[in-house]
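A short write-up of the structure that comes next.
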Amino acid sequence: MRNNVCENIQDEDFDKYLKKLYEEIRKTYLADSRPWVIGYSGGKDSTATLQLIWSSLKELPPDKLTKDIFVISSDTFVETPVIVNHINKTHELINICAKENNLPFKAVTVTPEINNTFWVNMIGRGYPAPYTRFRWCTDRLKIEPANKFITDTVANYGEVVVVLGARFSESASRSGSMSKRRIVGKNLTRHSTLPNAWVYTPIEEWQTLEVWEYLLSYPSPWNFDNDDLKQLYQDAQDGDCPLVIDKTSPSCGNSRFGCWACTVVNKDISMESMINSGEKWLQPLLDFRDWLAETKDPTQKEKIRSVRRRNGRVQFQETDDGERKLIWGPFTLEFRKIILEKLLDTQITIQKPLKEQTLL
């Protein structure tokens, strides 16, 4: 178990701690020929992880930097626009600085297949607004694109190391899944579902305060101002949506680094906070999301959902008291037209494209 990082900072020993961690990262990188894929969501944890990797490897001589390092971010096409801009800016800086310094980092964005996008599924196929027990969006929009990139990398290189900013203190489910996969005495663990993929989590024992202490005490090596990242967190409630590669991750709906159309949570506190912090132009997006969330109301099903499932069948479920309960089908065609009209009106109101290619 590592010592508490904040105590080290207060004791002015943090530089020594970092030197040991940098050495661990370098040894892990040099141990084999497997390329690295770093999951970057734009949030504090993934930023701290990427900064650690970058700062440690830049000390290696050029002839040792033979392994590719891909920095991947996920664009679901319904990301909060403020975060899309933040990630795009960061990607540009990473690629410029990596090239100038002859470092093997390459920032790329992964996206879902068009037939798996949010609006194609909701407006095109009639999928209802996602909720806790039916998060159809997570697999299609986040897990599958990231995993496809990883499996494609495995196909090209044989094996791959996935570097994540996951921390034990993030949540009980995340801590449990990380503990189960842990190999005692090893830095790498097997990926929970992908063969020939290994996972490395260098900040797994850090606390939230420790992450911020690091980011605000040590400048970004790709010339990004971490104070700007801090400002994003101050503009909304704390919390970020990591790059999702399995189903142990919690919903991103209550974090600023999630999707603006997310209806898994009842209330999008983060977007409300961003609006209250000055991003007034986001109000139409919040209004649309809140309207969409109302469709989860059971009393609305008869008005907006079909009695037939997508396979054309009428399906019932027997309740505990022996009654037959109708399992409602997709949104009706009429209601899907209403969704599309309101979505296009919202796009006109904010005068920004809402990834209109996904509406085709």
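Could you run through segment 97-132 and say how many residues are of a type in the set (S, T, N, Q), surrounded by fewer than 13 Cβ atoms within 10 Å (Cβ to Cβ) and either without any contact (Cβ under 8 Å) to a residue 24 or more places away in the chain or in a helix (DSSP H, G or I) (or both)?
Summing the residues that are of a type in the set (S, T, N, Q), surrounded by fewer than 13 Cβ atoms within 10 Å (Cβ to Cβ) and either without any contact (Cβ under 8 Å) to a residue 24 or more places away in the chain or in a helix (DSSP H, G or I) (or both) in segment 97-132 gives 1.
What about LYS67, is it of a type in the set (Lys, Arg) and either in contact with a His (Cβ under 6 Å, 6 or more places away or on another chain) or assigned to a helix (DSSP H, G or I) (or both)?
For LYS67, the condition - of a type in the set (Lys, Arg) and either in contact with a His (Cβ under 6 Å, 6 or more places away or on another chain) or assigned to a helix (DSSP H, G or I) (or both) - is not met.
For segment 26-62, which residues satisfy the criterion of being aliphatic (A, V, I, L, M) and either under 29 Å from THR111 (Cα atoms) or buried (at least 23 other Cβ atoms within 10 Å of the Cβ) (or both)?
Listed by number, the residues that qualify are VAL37, ILE38, ALA48, LEU50, LEU52, ILE53, LEU57.
State which residue is modelled with the highest pLDDT when the search covers only segment 1-59 and only residues that are part of a loop (DSSP other than H, G, I, E, B) and more than 30 Å from LYS99 (Cβ to Cβ).
Here the answer is ASP13.
Considering only residues that are of a type in the set (S, T, N, Q) and either within 26 Å of MET271 (Cβ to Cβ) or touching a strand residue (DSSP E or B) at 6+ places or on another chain (Cβ under 6 Å) (or both), which ones fall in segment 289-327?
Within segment 289-327, THR295, THR299, GLN300, GLN315, GLN317, THR319 meet the criteria.
Might you check whether a residue that is in a loop (DSSP other than H, G, I, E, B) and modelled with pLDDT under 90 occurs anywhere in segment 217-230?
no
Can you name every residue in segment 134-150 that is touching a strand residue (DSSP E or B) at 6+ places or on another chain (Cβ under 6 Å), more than 15 Å from SER192 (Cα to Cα) and hydrophobic (A, V, I, L, M, F, W, C)?
Once the filter is applied, which keeps residues that are touching a strand residue (DSSP E or B) at 6+ places or on another chain (Cβ under 6 Å), more than 15 Å from SER192 (Cα to Cα) and hydrophobic (A, V, I, L, M, F, W, C), segment 134-150 yields only PHE149.
Checking LEU292 against (1) closer than 15 Å to GLY126 by Cα; (2) in a loop (DSSP other than H, G, I, E, B); (3) under 29 Å from the mean Cα position of the chain (by Cα), only one condition comes out false. Which one?
Result: LEU292 fails condition (2) only.
I'm trying to understand the selection: among the residues of segment 274-283, which are surrounded by 17 or more Cβ atoms within 10 Å (Cβ to Cβ) and not β-branched (Val, Ile, Thr)? Let's see the steps before the verdict.
Residues of segment 274-283 surrounded by 17 or more Cβ atoms within 10 Å (Cβ to Cβ): 274-275, 279, 282.
Hits for segment 274-283 are MET274, GLU279, LEU282.
Among the residues of segment 286-343, which ones are closer than 16 Å to PRO130 by Cβ, surrounded by fewer than 17 Cβ atoms within 10 Å (Cβ to Cβ) and among the aromatic types (Phe, Trp, Tyr)?
Of everything in segment 286-343, just one residue is closer than 16 Å to PRO130 by Cβ, surrounded by fewer than 17 Cβ atoms within 10 Å (Cβ to Cβ) and among the aromatic types (Phe, Trp, Tyr), namely TRP291.
The values are calculated or read from the model by the stated rules, or taken from the named source; none is laboratory data. Just so we're clear, the structure is a prediction, and the values are computed from it rather than from any experiment. For neighbour counting, all protein chains shown are included, and Cβ atoms are generated from backbone atoms with ideal geometry for every residue, glycine included.
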